[in-house]
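The values are calculated or read from the model by the stated rules, or taken from the named source; none is laboratory data. Just so it is clear, the structure is predicted and the values come from calculations on it, not from any experiment. Cβ coordinates were reconstructed from backbone atoms using ideal geometry, including for glycine residues, and neighbour counts include every protein chain displayed. Accessible surface areas use protein heavy atoms only, side chains included; no ligands, DNA or RNA. Shrake-Rupley method; radii C 1.70, N 1.55, O 1.52, S 1.80 Å.
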Amino acid sequence: MHSIAEDLNQRLATTVVGRTLSRFGQRIYFPKGIVAQSNEAKKSATTFNATVGIALADGEPMILPTIQDNLPRLSPSESIDYAPPGGDNRLRVLWKEEMLRKNPSIQGEKISLPAVVPGITSGISMIADLFVNEGDGVVFTDLCWDNYPLIFETRAEATCVTFAPFTPRGEFNVPGMVTALKSAARQGKVVLVLNFPHNPTGYTPTLRDAQALAAELVALAASGLQVVVLCDDAYFGLFYEEDVYRESLFSLLYDAHENLLAVKIDGATKEDYVWGFRVGFLTFGAKGLTADHFEAINQKVLGTIRTTISSSSRVGQTLLYRELSSLVYHGIKVKYAKVLEERFKTVKAILANRATGKRLHPLPFNSGYFMTLELDGGSTEDLRKYLLKTEGIGTIAFQDKYLRIAYSSVDNRDLRALFETIFQAADHLFGA
Ligand SMILES: Cc1ncc(COP(=O)(O)O)c(C=O)c1O
């Protein structure tokens, strides 16, 4: 059990709460990870707050104008009526159409109709409910969104095995992934979580790496292993370099082998700049699945939704439907993505020309909201605290070795000052 959970249990031990908690209730805790560090920064990051995984411009969330315009104009049935458990059917159909447009190599009849869930987090948790038993092997990168260990290890009681995301040459670590999958396999089954653009590094594989990765998964499936691959596509579409594979990994996996189930977990959260809407989608594909199989899977998902959240919020679904069907949608989205791409280019230029902070090495990044610096000799938790207390700058420390910078939430004009202060702080604390 995690020491934070133990501490909470001890504090509650003499109360009726402590005496009645379930085994899950005893195991669960709120980690001192991204959200806790972000909350700390909200109070003290008076200069720049580069902790949050949202896109800000001039300190305000970057709202798409169609969403803003439609907000006050919704009828009661569009805003407060119950939505069906699997989501508004018009939205499910439209999201699928958009998915096929964004991922041209997917054949629509070979995947399920996306089901609406209240955000990507709940979608991942529902997949854990559906496919992960206590003790099952689940694999993800060791640098990862900190909710994966909480969902799979603490909540679902899986055996989690991690691997380093990059080879020494800076390519996606396909050999490490295969070793982890082999060691995690239990009773002929294994679950893999992939997330591109990756949080916290901001990396997406090249086409070559993506194909090599898919080929290895197919080889494992062909050897008789049942492989479930979750593609967490939270930051999909924000690709800034030419050689990046611009479709979801799901495209290479949904029709690859009868023993390989691909689950796409995506949503409007980051893709459509509506973080608080809580609209995500679950889509399934595996070679040989038929329309009847997809309907049976849909019923399983509906049962999972019914027993947890019953149905997702109506208002977010209506606004998203209007947004996706608006004539200006694609144009504005391209414009917003350009704002983030400009920041990405600025960060690359700053790193290429710096004279200070040479102990901080950027991990490969080419997409998404973030980039991560690896510190050579020193503690990034010390660096984070120093930046927050002395400079009013919020960042996220991982494993006391990495520092995540969310350039999505800092204006382009401020990036140079942000990075120079981080570099100088590292030199001051740990030597140049
Ligand atoms: C990799 C990854 N997946 C999922 C999420 C959460 O998505 P949602 O807000 O839709 O639950 C995040 C958000 O921080 C994330 O970084």
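Values computed for the structure shown
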item: Filter result for the condition that a residue is assigned to a strand (DSSP E or B) and crowded, with 24+ Cβ neighbours inside 10 Å, over Val161, Val139; result: Val139
item: Search result, residues across the stretch 156-176 that are in contact with a helix residue (DSSP H, G or I) (Cβ under 7 Å, 6 or more places away or on another chain) and of a type outside the set (Ser, Thr, Tyr); result: Ala156, Ala158, Cys160, Val161, Phe163, Ala164, Glu171, Phe172, Val174
item: Criterion: in contact (Cβ under 8 Å) with a residue 40 or more places away in the chain, more than 20 Å from Val52 (Cα to Cα), open to solvent by less than 70 Å² (accessible area, probe 1.4 Å) and hydroxyl-bearing (Ser, Thr, Tyr) - qualifying residue of Ser379, Ser367, Ser310; result: Ser310
item: Residues satisfying the stated conditions in the stretch 37-58, i.e. under 17 Å from the mean Cα position of the chain (by Cα) and either assigned to a helix (DSSP H, G or I) or free of Cβ contacts under 8 Å to residues at least 60 places away in the same chain (or both); result: Ser38
item: Residue in the stretch 188-200 that is farthest from Thr141 (Cα to Cα), counting only those that are outside any strand (DSSP E or B) and not polar (S, T, N, Q); result: Gly188
item: Long-range neighbours under 9 Å by Cβ, at least six apart or interchain, first residue on the phi > 0 side of the Ramachandran plot within the stretch 405-416, second modelled with pLDDT of 95 or more and crowded, with 24+ Cβ neighbours inside 10 Å; result: none
item: Residues satisfying the stated conditions in the stretch 28-38, i.e. of a type outside the set (Ser, Thr, Tyr) and within 14 Å of the ligand (Cβ to nearest atom); result: Pro31, Gly33, Ile34, Val35, Ala36, Gln37
item: Wholly within the stretch 201-279, helices (runs of 4 or more DSSP H) carrying at least 1 residues that are within 16 Å of the ligand (Cβ to nearest atom) and over 25 Å from Pro61 (Cβ atoms); result: 250-253
item: Pairs, first surrounded by 11 or more Cβ atoms within 10 Å (Cβ to Cβ) in the stretch 1-18, second of a type in the set (Val, Ile, Thr) and in a helix (DSSP H, G or I), C-beta under 8 Å, six or more apart; result: His2/Thr154; Ala5/Thr154
item: Test: residue in the stretch 399-412 that is open to solvent by 40 Å² or more (accessible area, probe 1.4 Å), within 24 Å of Tyr273 (Cβ to Cβ) and out of contact with any Gly (no Cβ under 9 Å at 6 or more places or on another chain); result: yes
item: Failed criterion for Thr346 (all others in (1) closer than 30 Å to Ile80 by Cα; (2) hydroxyl-bearing (Ser, Thr, Tyr); (3) buried (at least 16 other Cβ atoms within 10 Å of the Cβ); (4) away from the ligand (no atom under 16 Å from the Cβ) hold); result: (1)
item: One residue from Gly108, Gly123, Gly119, Gly137 being within 13 Å of the ligand (Cβ to nearest atom) and under 24 Å from Ala256 (Cα atoms); result: Gly123
item: Residue check, Val301 farther than 22 Å from Ala164 by Cα, aliphatic (A, V, I, L, M) and assigned to a strand (DSSP E or B); result: no
item: Residue within the stretch 176-196 that is in contact (Cβ under 8 Å) with a residue 24 or more places away in the chain, under 19 Å from Leu363 (Cβ atoms), away from the ligand (no atom under 16 Å from the Cβ) and open to solvent by 30 Å² or more (accessible area, probe 1.4 Å) present; result: no
item: Of all residues making up the stretch 40-57, the number that are more than 16 Å from Leu387 (Cβ to Cβ) and either open to solvent by less than 20 Å² (accessible area, probe 1.4 Å) or modelled with pLDDT under 90 (or both); result: 3
